[in-house]
Amino acid sequence: MDYIRDYSLVFIFFVLPIIFVIQPLFLNKINDFENHIDLSSLKRKKRLLYRQIKELEMEFDIGNINQKDFETSRKELKVEVSEVITKINANKI
Amino acid sequence: MNSNKKFTIMIAGVITVVIFWIGWVSSNPKDEKAMASFISVEKLLNDKMKKRTKLGGLVKDGSIIISETNYLDCSFVLKEGAAELKVKYDRSRPDLFKDGAEVIITGQYLDGTFYADELQTKCASRYEGDLRDESSYKLTEIET
Amino acid sequence: MTPIAGAVALNLAFGFSILSIICLFIFTLNEDKRLFLTGQRLSLGISFFVFLATFILWYQLIISNFDIDYVARYTSIETPFIYKISALWAGQSGSLLFWLFILSIFATITVLQNQSKHHGLMPWVIISLSIIQLFFLILTNFVTNPFMPTDADFVVANGNGLNPLLQNVTMAIHPPTLYLGYVGFSVPFAFAISALMNRDTSTLWIQSIRRWTLVAWLFLSSGIILGGWWAYQELGWGGYWAWDPVENASFMPWLTATAFLHSIIIQEKKDMLRIWNMALIILTFTLCIFGTFLTRSGVMSSVHSFTASSLGPIFLIFVFLILIVSFSLMYLRRSELRSEKRMESFTSRESGFLFNNLVFVVMCFAVFWGTLFPVISETIRGTKITVGPPFFNQINVPIGLILLALTGVGPLLAWRNTSKQSLIKNFTFPILSGLIAAIIFLFIGFKGSVVISFSLSVFVLATISTEFKRGISARTKKFKESIFKALFEMVSKNRSRYGGYIVHVGIVFMFVGFTGHAFDKEKEFSLTKGQSDHVAGYEFTLLKLSETERPNHYAWISDIRVTDNKGEYVTNLYPEKRIYFHKNPDVNRRQPHSELDIYSTLNKDIYSIFSAVDNENGVAFIKIMVNPLVRWVWIGGYILVIGTMIALWPRKD
């Protein structure tokens, strides 16, 4: 009975991984790698941008950035955010 | 581009200053203990080097003599390959210092004796090629 | 049977790593997604087999299977369980497997975490990680295999066992902590290479690796501090840093990593310093590999070193390959790396960070120069000239003080340009505090770099409190919050920034601790029962000398009473002289060891060492060191860790 145990261990630890690895090669060819627009990373980007805007406002309140720079940077960030939101809404449809 | 040039000049300036600073300290260390030539015992004996030197080797079995009057004072023979050198050391000895220990000493050579003011024994971790180990395994159980 | 399975697992991991690299590389050429999936799974497979091999080796260590050379060398039947576990990283081949093990954990996390994001970057990230895994797999498969069977004609009854000097908890966790740091920088490095390969040097790769970098930095910092703590507590030479090549090997990547950590803030906010950031992470990772190499080869002679092994040249080749390939890539992508943004003023936050990078790199070079001086001097002059702590201190103390000053100056600078009014408004209080402190210290009688160090510490603490005050008052004005609520909200909403300031406080405390060195005093003397001697205003009286036998050692215990110069009682110290393996018939296998006793206050440490005992005459040879302010180093270390954890604290969204 020992060799049943040995063979099953060999199967689990050595044969299964090889199957796991080869499996994707048998799918149909997929070429949509780069075009895959993914919703979750867009949402993450949106959150990140909002956080950056808030941090910018804080820096301005403290006095680390002058009025003109603050307004320029904030505008840039807001433009970026609206682009991302547009993409998100387009994707949802 | 003007401001860019300003910064490039500043960086270049700092680097130049630093290189001179390091070079200067390397040639004129404030403390004479800062540098030592790490050479072989054979070379030391041949050249009779008076500069501050660092030597490595093994403590010759049975050569450790501790002064009767001052426990801290000791002498021993440093063995590196075939070369042997009499050493005097008067600070507290590290725990691993014993017959056959691998040591690194720093100090000065004068008239046949090496006066060491630093003595280090190799770290206790067992690593490949440990000169103290001839056999790697114990053949009998340790008595407990 | 299982040891063979371990070796086979390592073989399979090796094969998978080659396949993974080839598979993903072909994918980058023909875009067939199936190849990406397979390549990704191959990468997970590498990790799987490495985990298997590691657990098998651990199992062999636990069951004390002395048929395996590694188990026989580093454990014995009596070795306590926890040290059988830590024996995995006690020796060369095991620790390389352990490096690989940690790398595989990180690679697995990276792959799984990014399954739905960063598709563009991932192929080259995985390729890079697989190449690093491949290197360590080559080492553990063909050069120094942990599963090597015992080379003996007889059955080995018991192994060598772990040296008692290494049997304490700190020594068990110091290497893994350092390794988590070293290995941790592989991931940011892999992302950097991927960004270069993909010609995407925007902030995407930076945002992906910010947390990784901080975690790796935390482990590296902790590992270094733990090493110093262990040296101080156990080794008995009274210090915690000796500028030993192996210590330096961990310090150099820390310097470039700290610069990197700061510098990526600028790239995220202003898209500047791209070239610096690329160069810094490449340098950091290279220094991590170099650090592992320095510990494992016999190039430098230090108390840590292993004597010459074939590992040295192989590591060196790998280091050169990393540098050549990475910097060539940087050169090829130089147009993408150049930023249109320009630095405008010397008194801007951007230039502050630029200068910060410069100082860190300079210090790294200085340490590198000192560490490799013997090799350089041997190549040029024919003699190996070693340099000791006085050399390193002479060069690095000024640089360190400049860094300390920068820590204070940086946060008070504004973006792009700090107006004159802002300069005056922000710097008046800190500079005044620093100057007043300087005057006071000079009055007390301190001189030179001690005064500078203490005054700068006051200066930096003043700037940090100014920063907290500015943030709080901005919130109380805008949101009408109470001071405490404002403080809490402010830190909570800006964890990196304020966590970072807390880390700076920790660094300042450590500098205070370092400065205490200038006042160290020591003395060696002998005492018989009832005798006393004096050091640094304290009187030490030997009350009693006793002996006892414990399970694995014999001990002489001294009872020393300490009183101060007014005669007031301070404490009792009980340093011991121990002999491990005291019953071993082979006298050379008996291991003497001094167990220190340290009386520690904020003000100073009284450090006692029982050097030797003259049993017949009842004489104890004692060494006393009075080390001021050492505690501040450890307190600073704790604060550093707390600050980093605040910075790392995950957000709910």
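Each reported figure results from applying straightforward, stated rules to the coordinates on display, with no laboratory input. Because the structure is predicted, anything quoted here is derived from the model rather than measured. Ideal geometry is used to build each Cβ from the backbone, glycine not excepted, and the neighbour counts take in all protein chains shown.
Averaged over the residues of peptide C:169-177, the number of Cβ atoms from other protein chains lying within 10 Å of each residue's Cβ is 0.
Return the average number of partner chain Cβ atoms within 10 angstrom of each residue Cβ along peptide C:341-349.
The mean count of partner-chain Cβ atoms within 10 Å per residue comes to 3.
Compared with the alpha-carbon gap, the fully stretched path from C:D559 to C:I109 is longer by 156.7 nm at 0.36 nm per residue. Taking GluC sites (Glu not before Pro) as exposed when DSSP calls them loop and at most 11 other C-beta atoms lie within 10 angstrom, chain C has its longest site-free stretch at C:1-339. For the residues of A:54-61, the average number of beta carbons from a partner chain within 10 Å of their own beta carbon is 5. Highest mean packing comes first when the peptides A:40-46, C:208-214 are listed by Cβ atoms within 10 Å, giving C:208-214, A:40-46. Between C:I424 and A:R5, the distance separating the two model label sites (each 7 Å from Cα on the Cα→Cβ line) works out to 8.5 nm.
The order of C:R274, C:R589, going from fewest to most other C-beta atoms within 10 Å of their C-beta, is C:R589, C:R274. For a straight C-alpha distance cut-off of 19 angstrom, the lysines reachable from C:K623 (same-chain residues fewer than eight places away being disregarded) are C:K521, C:K523, C:K529, C:K544, C:K577, C:K604. Shape class of the stretch C:1-167 from the alpha-carbon gyration tensor: prolate, with a/c at 1.5 or above and a/b greater than b/c. With 31 Å as the limit, the listed pairs A:K45/C:K478; B:K79/C:K583; A:K87/B:K6 have A:K87/B:K6 beyond it between alpha carbons. Name the shape class, rounded, prolate or oblate, that the alpha-carbon gyration tensor gives for the stretch C:497-642, where a ≥ b ≥ c are the square roots of its eigenvalues, rounded holds for a/c under 1.5, and otherwise prolate holds if a/b is larger than b/c and oblate otherwise. Verdict is oblate for the stretch C:497-642. With one equal scatterer per alpha carbon and no solvent term, the Debye-computed log10 I(q)/I(0) for chain C at 0.07, 0.11, 0.12 1/Å reads -0.54, -1.25, -1.40.
Normalised by the number of residues in chain C, what is the relative contact order in percent for Cα pairs under 8 Å and 6+ residues apart? Reported relative contact order: 9 percent. A simple spin-label model places the labels of C:Y569 and B:W21 5.1 nm from each other, with each point 7 Å out along Cα-to-Cβ.
When the square roots of the Cα gyration tensor eigenvalues are ordered a ≥ b ≥ c, the ratio a/c for the protein assembly as shown is 1.5 or more and a/b does not exceed b/c, which makes its shape oblate. Peptides A:62-75, C:5-18, ordered by how many other C-beta atoms sit within 10 Å of their residues on average, highest first, read C:5-18, A:62-75.
Sequence neighbours fewer than 8 away in the same chain don't count; with that in mind, list the lysines whose C-alpha is under 18 Å from B:K51. Straight-line reach from B:K51, under 18 Å: B:K30, B:K33, B:K43, B:K86, B:K88, C:K384.
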